[in-house]
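Report on one structure; see the data block that follows.
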Amino acid sequence: TFRVPWVDDQSRIRVNRGYAIEMNSSIGPYKGGMRFHPSVNQSILKFLAFEQVFKNALTTLPLGGGAAGCDFEPKGKSDDEVMRFCQSFMAEMVRHMGAHTDIPGGDIGVGSREIGYLFGAYKKLTNQFTGALTGKGLQWGGSRFRPEAAGYGCVYFAAEMLATRGMAIEEQTCLVSGSGNVAQHTAEKLIQLGARVVTLSDSSGHVFDPDGIDAEKLAFVKRLKNLRRGRIREYADKYPHAVYTPADPSLDHNPLWSRRADCVFPCATQNEIGEKDAYALINNSVKLVCEGANMPCSSEAIAVLLGKKILYAPGKAANAGGVAVSGLELVQNSMRLSWLGEEVDERLRIIIREIHRTCLEAAEEYGTPGNYLNGANIAGFVKVVNAMVDQGVV
Ligand code: NDP
């Protein structure tokens, strides 16, 4: 835990609180997301790091589990402020990380801009150009398909799940929450595969577009969020058929999840689907809930979904494509070359198919057939624990 002092555009001194969590390195260097959001505290990063240990074990790549972050709010800050903050954050973080030690990547509030500033500071402080951070720009060590990987992988996983019941993703009506990295690319792949995406959201509210969000509308959202850093309500100004519903913190449910749909992709943040939301989804005959975010369903909601035999995929399996392609970014950095997009996408598909198979086999072996949650937890746990036992008491 460390202080992150920086100076804002009005020359005022600000101090944030940063954290680096190193949870388990028995199968590889610590690796996980880095989150910049006012809600960040040690407890949240510990749950992310704990989940990450088992997720990384499932990817088939040699990666341990960790997390990092800060209670800094990038929203509303100038690029200069974000840069000064990132440089100060890295001044401490650099002591803990390294290509063979701890390799942070993106998460909420940490996208290509932040990774750029962090990597620049890391390089200056260490005098080394290494793969010690992932999510780097394509021209300076990044991998093709890394920005897309978590979202695309999530849809590939959903397609595998639907196939077990003789269904396809095409023509399914889908709810997607969030409008950041994972949500944008989940929606993009769903649209490419012929599904109908009808919602997106941010922390202020959600938009419902009964006509469906197509590639052109999604391009507007990408410009809005990634370049202008605007709010999702502007979607409804641009496309008048869409309805904007502001978030209401006094409610014990989220109206987004009361929209009728076949497939649901929570891609914003933890605990965004509670028990009441799960019942609302079931009342609307939902077939599948596939977690793009980390732990977006509360444990009560998961119990409801599993009780009704809904296809449910935990984030540690469904969104593992993100860290998997980060692992591939590290491989490319070590080899000092850059693979073509088709090659990375094909590897991503193979990894996701493998994770899906591993989850189903572990679920079957331990007496809970079709339960992806048990399958993912057990398969990830067994791999990590066997490595820990092999390596002795250290
Ligand atoms: P982004 O910062 O790109 O986007 C986050 C989105 O979620 C934004 O739309 C944001 O809205 C919304 N959001 C954040 N916090 C809240 C909140 N408390 N309530 C409601 N909405 C909220 O993050 P990512 O897309 O990268 O991450 C989303 C999820 O996916 C996280 O759970 C993350 O851990 C997980 N994940 C990310 C991976 C990655 O590679 N980036 C890989 C695997 C999982 P607003 O703009 O208003 O804050």
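The values are calculated or read from the model by the stated rules, or taken from the named source; none is laboratory data. As the structure is a prediction and not an experimental result, all values here were calculated from the model. Methodologically, a virtual Cβ is constructed for each residue, glycine included, from the backbone with ideal geometry; neighbour enumeration extends over all protein chains shown. For accessibility, only protein heavy atoms count, side chains too; no ligands or nucleic acids. Shrake-Rupley method; radii C 1.70, N 1.55, O 1.52, S 1.80 Å.
Things to note:
- Scan of the range 59-89 for residues that are acidic (Asp, Glu) and part of a loop (DSSP other than H, G, I, E, B), ordered by number: Asp71, Glu73
- Of all residues assigned to the range 246-253, at least one qualifies as being over 24 Å from Ser299 (Cα atoms) and touching a residue at least 24 places away in the same chain (Cβ under 8 Å).
- Residue, nearest to the chain's Cα centre (by Cα), within the range 147-188, restricted to residues that are within 16 Å of the ligand (Cβ to nearest atom) and open to solvent by 40 Å² or more (accessible area, probe 1.4 Å): Asn181
- Residues that are over 25 Å from Cys297 (Cβ atoms) and open to solvent by 50 Å² or more (accessible area, probe 1.4 Å) number at least 2 in the following helices (runs of 4 or more DSSP H) confined to the range 315-392: 320-335, 341-365, 372-391.
- Filter result for Asp102 (away from the ligand (no atom under 16 Å from the Cβ) and either under 16 Å from Glu329 (Cβ atoms) or not polar (S, T, N, Q) (or both)): yes
- The set of residues in the range 268-284 being touching a Leu at 6+ places or on another chain (Cβ under 9 Å) and outside any helix (DSSP H, G or I) consists of Gln270, Glu272, Ile273.
- Selection within the range 187-243 - polar (S, T, N, Q) and without any contact (Cβ under 8 Å) to a residue 24 or more places away in the chain: Gln192
- Any hit, the range 40-58, residues being modelled with pLDDT of 95 or more, touching a strand residue (DSSP E or B) at 6+ places or on another chain (Cβ under 6 Å) and part of a loop (DSSP other than H, G, I, E, B): yes
- For the range 268-292, the set of residues classified as open to solvent by less than 10 Å² (accessible area, probe 1.4 Å) and in contact (Cβ under 8 Å) with a residue 40 or more places away in the chain consists of Leu288, Cys290, Glu291, Gly292, listed by residue number.
- Some residue of the range 242-254 being closer than 26 Å to Ala168 by Cβ and more than 16 Å from the ligand (Cβ to nearest atom): no
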